[in-house]
Amino acid sequence: MIKKTRKKDILGLESMTIPDMETILTTAQEMKTIINRDIKKVPTLRGKSIVNLFLEPSTRTRTSFELAGKYLGADVVNINTASSSLTKGESLRDTLLTIEAMGVDIIVMRHAAEGAANYATQIVNSAIINAGDGAHEHPTQGLLDIFTIKQYKHKIAGLKVAIIGDILHSRVARSDIWGLNKLGAEVHVAGPQTLIPRGLEQMGVHIHNRVEDALDQADVVNVLRIQLERQKAGLFPSAREYARIFGVNAGRLALAKPDAVLMHPGPMNRGLEISPDIAYSEQSAIQEQVQNGLAVRMAVLFQVLIGGSQVETID
Ligand code: CP
């Protein structure tokens, strides 16, 4: 009988328990105090190693995971598709095994395929953090969105959260919905029918054809990026039509509560899903989301490596 220690993986908010979510949110609050110091470095994860394996583009997630690891004293290495031996034909499995052989503690992984992070947990013993797998989940984005809502509204339960746009291709929407529902929010979505996935109502959300109905008296308005790189032809008539019918602008935002918080996971298509005049308006929490992303990712790295090791017994 081999006793094997498997660190905690972060694969999605569907599988994350409420206590685990709350622990990360509480830890993130403490991490924010480190980010706001003049000297941001602490030795908490000294001697630990993290590889950011990003096989899809990213600015926010990759940079914040890198800074998060460095602020906590870990060694961090970035690998992207173009700079890896994947371009020479190496498989994902062999890439993961190669990284593990170097004694890496955490692999933060973004991949275009749903289930890629879960697959990685079956290949290597390094802890896996899902930084986005296709249209499936983006758990640290979901956690940072929840953290940001809590910062502005001091609660989650009972809030009306409107998620507007390309739900079909959005891993952010899925993680937000799983997390917000578990914590008692009422989630409303709206977008073109072609961008609302079948069976979404089974996730316990209210679906609207008209953006106006989802926005009505909302506490939080989360606008999603139209994922132009994943669109098949014909899912919406044209960018101009989309902006006219579904774009969130000042007039539509006024349908939400006067103190509603405007969010967007980024990157934004200004003038398409969100009008430029509101993107950085007083109601906007978009820059705060970015800073909170760093705090949440510090909390996630801390909890995976220090906070909660799980011991599995393997026969
Ligand atoms: N929100 C988000 O995942 O942004 P990036 O693609 O820039 O990481």
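The values are calculated or read from the model by the stated rules, or taken from the named source; none is laboratory data. All figures in this text were calculated on a predicted structure; none of them were measured in a lab. Heads up, the Cβs are rebuilt from the backbone with ideal geometry, glycines too, and the neighbour counts pull from every protein chain shown. Only protein heavy atoms, including side chains, enter the accessible area calculation; ligands, DNA and RNA are left aside. Shrake-Rupley method; radii C 1.70, N 1.55, O 1.52, S 1.80 Å.
Annotations for the structure displayed:
- Of LYS8/LYS40; LYS70/LYS153; LYS40/LYS257; LYS8/LYS32, pairs whose Cα-Cα distance is over 28 Å: LYS70/LYS153; LYS40/LYS257
- Each of SER238, ILE50, GLY12 was placed along the dipole of the chain (beta-carbon charges, centred on the mean Cα), and the one lying farthest toward the positive end is ILE50.
- When you restrict to C-alpha pairs under 8 Å that are six or more residues apart and normalise by the size of the range 139-285, the relative contact order lands at 25 percent.
- For the range 53-112, alpha-carbon Rg relative to the globular expectation (2.2 N^0.38 Å, N residues): 1.13
- Length gained when the stretch ALA101-THR26 is fully extended (0.36 nm per residue, less Cα-Cα span): 23.7 nm
- With the Kirkwood sum run over all distinct C-alpha pairs, the range 139-210 has a hydrodynamic radius of 12.2 Å.
- Protein-only accessible surface order, largest first, of HIS154, HIS111 at 1.4 Å: HIS154, HIS111
- Among THR59, THR44, THR81, residue whose mean-square fluctuation peaks in a GNM of the chain (springs only between Cα atoms under 10 Å): THR59
- Over the range 193-302, the hull volume per residue, using the convex hull of the C-alpha atoms, is 136 Å³.
- Dipole in debye (nearest 20) - the chain, about Cα centre, beta carbon charges: Lys, Arg +1; Asp, Glu -1: 500 debye
- Stokes-Einstein diffusion coefficient of the chain, Kirkwood radius over Cα pairs, 20 °C, 1.002 mPa s, in µm²/s: 107 µm²/s
- Taking 0.36 nm per residue of separation and subtracting the current Cα-Cα distance, fully stretching the chain between ALA82 and ASN125 would add 13.0 nm.
- With the cut-off at under 18 Å, measuring from each backbone N in the range 218-259 to a point 7 Å along the Cα-to-Cβ line of SER281 picks out 218-225, 243-259.
- Only the Cβ atoms of Lys and Arg (+1) and of Asp and Glu (-1) were treated as charged; on that basis the dipole of the range 139-285 about its Cα centre amounts to roughly 300 debye.
- Span-rule helices in the chain, defined as complete DSSP H runs reaching 15 Å or more along the axis (Cα) with Kyte mean at least 0.5: 286-302
- Reducing the range 258-285 and the range 82-120 to their Cα centroids gives an inter-centroid distance of 34 Å.
- Evaluated over the range 114-260, the Cα radius of gyration and Dmax, each in Å: 15.8, 51
- Average accessible surface area per residue within the range 139-285, 1.4 Å rolling probe, Å²: 41 Å²
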